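The next block holds one structure in the form of C-alpha coordinates; read it before the comments.
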Amino acid sequence: PEDLMVGFGPAIGVCCYEVGADCIKPFKDKFSNKEGWFRAGQSGKYFLDLTAINKIEGEKAGLLQDNIFSMDHCTCCSTSQMYSYRREGKTGRILTTIMLRR
(Lines give C-alpha, C1' and ligand atoms only; values in the text may rest on other atoms or scores of the structure.)
Protein backbone atom coordinates (compact mmCIF):
# COMPACT_ATOMS: atom_id res chain seq x y z
CA PRO A 1 0.00 0.00 0.00
CA GLU A 2 2.85 2.45 0.67
CA ASP A 3 3.74 2.32 -3.05
CA LEU A 4 0.22 3.15 -4.26
CA MET A 5 -0.90 6.57 -5.40
CA VAL A 6 -4.61 7.38 -5.26
CA GLY A 7 -6.45 10.28 -6.85
CA PHE A 8 -10.05 11.28 -6.28
CA GLY A 9 -11.79 13.11 -9.08
CA PRO A 10 -14.71 15.48 -8.83
CA ALA A 11 -17.47 14.54 -6.41
CA ILE A 12 -20.17 16.27 -4.45
CA GLY A 13 -18.44 18.28 -1.72
CA VAL A 14 -19.05 18.77 1.96
CA CYS A 15 -20.43 22.18 0.99
CA CYS A 16 -23.44 20.59 -0.75
CA TYR A 17 -23.86 17.00 0.45
CA GLU A 18 -26.43 17.34 3.20
CA VAL A 19 -27.85 14.11 4.63
CA GLY A 20 -30.14 13.01 7.44
CA ALA A 21 -29.17 11.48 10.77
CA ASP A 22 -30.01 7.99 9.47
CA CYS A 23 -27.39 8.35 6.73
CA ILE A 24 -24.66 9.75 8.97
CA LYS A 25 -25.13 7.24 11.81
CA PRO A 26 -23.06 4.40 10.26
CA PHE A 27 -20.21 6.86 9.70
CA LYS A 28 -20.44 8.17 13.28
CA ASP A 29 -20.34 4.59 14.52
CA LYS A 30 -17.13 3.92 12.57
CA PHE A 31 -15.19 7.23 12.74
CA SER A 32 -14.60 9.97 15.28
CA ASN A 33 -15.03 13.51 14.00
CA LYS A 34 -11.46 14.53 14.79
CA GLU A 35 -10.75 14.17 11.05
CA GLY A 36 -13.51 16.73 10.29
CA TRP A 37 -15.49 14.55 7.87
CA PHE A 38 -18.86 16.07 8.75
CA ARG A 39 -20.41 19.18 10.20
CA ALA A 40 -23.86 19.87 11.55
CA GLY A 41 -26.40 21.44 9.23
CA GLN A 42 -29.88 22.68 10.00
CA SER A 43 -32.88 20.74 11.30
CA GLY A 44 -30.86 17.72 12.47
CA LYS A 45 -29.09 17.23 9.14
CA TYR A 46 -25.37 16.97 8.44
CA PHE A 47 -22.94 17.92 5.69
CA LEU A 48 -20.91 14.80 4.85
CA ASP A 49 -17.43 14.91 3.26
CA LEU A 50 -17.17 11.73 1.18
CA THR A 51 -13.66 12.57 -0.05
CA ALA A 52 -12.40 12.92 3.53
CA ILE A 53 -13.95 9.56 4.44
CA ASN A 54 -12.18 7.91 1.49
CA LYS A 55 -8.86 9.52 2.46
CA ILE A 56 -9.24 8.24 6.04
CA GLU A 57 -10.01 4.75 4.75
CA GLY A 58 -6.97 4.88 2.44
CA GLU A 59 -4.66 5.84 5.29
CA LYS A 60 -6.10 3.08 7.49
CA ALA A 61 -5.33 0.64 4.65
CA GLY A 62 -1.69 1.75 4.65
CA LEU A 63 -1.60 4.41 1.91
CA LEU A 64 0.77 7.27 2.62
CA GLN A 65 -0.96 10.61 3.14
CA ASP A 66 1.39 12.21 0.59
CA ASN A 67 0.22 9.68 -2.03
CA ILE A 68 -3.49 10.57 -1.76
CA PHE A 69 -4.64 13.34 -4.07
CA SER A 70 -8.00 15.01 -4.59
CA MET A 71 -9.29 17.55 -7.07
CA ASP A 72 -11.49 18.99 -4.27
CA HIS A 73 -13.92 20.10 -6.94
CA CYS A 74 -17.61 19.96 -6.00
CA THR A 75 -19.79 18.64 -8.80
CA CYS A 76 -22.89 20.25 -7.31
CA CYS A 77 -21.34 23.75 -7.16
CA SER A 78 -19.90 23.52 -10.68
CA THR A 79 -23.15 24.19 -12.52
CA SER A 80 -21.63 24.83 -15.93
CA GLN A 81 -18.85 22.20 -15.81
CA MET A 82 -20.14 19.08 -14.03
CA TYR A 83 -23.17 16.85 -13.81
CA SER A 84 -24.78 16.55 -10.40
CA TYR A 85 -27.63 14.20 -9.64
CA ARG A 86 -28.20 16.04 -6.36
CA ARG A 87 -28.60 19.32 -8.25
CA GLU A 88 -30.37 18.16 -11.44
CA GLY A 89 -32.13 14.89 -10.62
CA LYS A 90 -31.28 13.44 -14.05
CA THR A 91 -27.76 13.62 -15.41
CA GLY A 92 -25.10 12.32 -17.72
CA ARG A 93 -22.30 10.14 -16.40
CA ILE A 94 -18.73 10.65 -15.25
CA LEU A 95 -16.07 8.11 -16.27
CA THR A 96 -13.90 6.50 -13.60
CA THR A 97 -10.64 4.71 -14.38
CA ILE A 98 -8.10 2.66 -12.46
CA MET A 99 -4.56 2.11 -13.69
CA LEU A 100 -1.63 0.00 -12.58
CA ARG A 101 1.78 1.19 -13.69
CA ARG A 102 5.03 -0.60 -13.07
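The values are calculated or read from the model by the stated rules, or taken from the named source; none is laboratory data. Just so it is clear, the structure is predicted and the values come from calculations on it, not from any experiment. Ideal geometry is used to build each Cβ from the backbone, glycine not excepted, and the neighbour counts take in all protein chains shown. Each accessible area value is taken on the protein alone, full model and side chains, heavy atoms only, with ligands, DNA and RNA left out. Shrake-Rupley method; radii C 1.70, N 1.55, O 1.52, S 1.80 Å.
Summary table
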quantity: Qualifying trypsin sites (Lys or Arg not before Pro) in the range 1-52, DSSP loop, other Cβ atoms within 10 Å at most 16; calculated: 45
quantity: Antiparallel DSSP beta bridges within the chain, as percent of all bridges there, nearest 5; calculated: 55
quantity: Spacing of the two label points (7 Å from each Cα toward its C-beta) at residue 30 and residue 80, in nm; calculated: 3.7
quantity: Fraction of accessible area attributable to carbon and sulfur, the chain (%, probe 1.4 Å); calculated: 52
quantity: The range 1-21 versus the range 37-78: alpha-carbon centroid distance in Å; calculated: 4
quantity: Accessible area expressed per residue, the chain, with surrounding protein chains retained (probe 1.4 Å, Å²); calculated: 74
quantity: Separation in nanometres of the label points that stand 7 Å from Cα toward Cβ, at residue 40 and residue 100; calculated: 4.7
quantity: Greater than 26 Å apart at Cα, pairs in 55/90; 60/90; 34/90; 28/55; 28/90; calculated: 55/90; 60/90; 34/90; 28/90
quantity: Helix-only CD estimate at 222 nm, as mean residue ellipticity for the chain, using -39500 (n - 2.57) per DSSP H run (n ≥ 4); calculated: -6500 deg cm²/dmol
quantity: Length released on extending from residue 19 to residue 72, taking residue separation times 0.36 nm less the Cα-Cα span; calculated: 17.2 nm
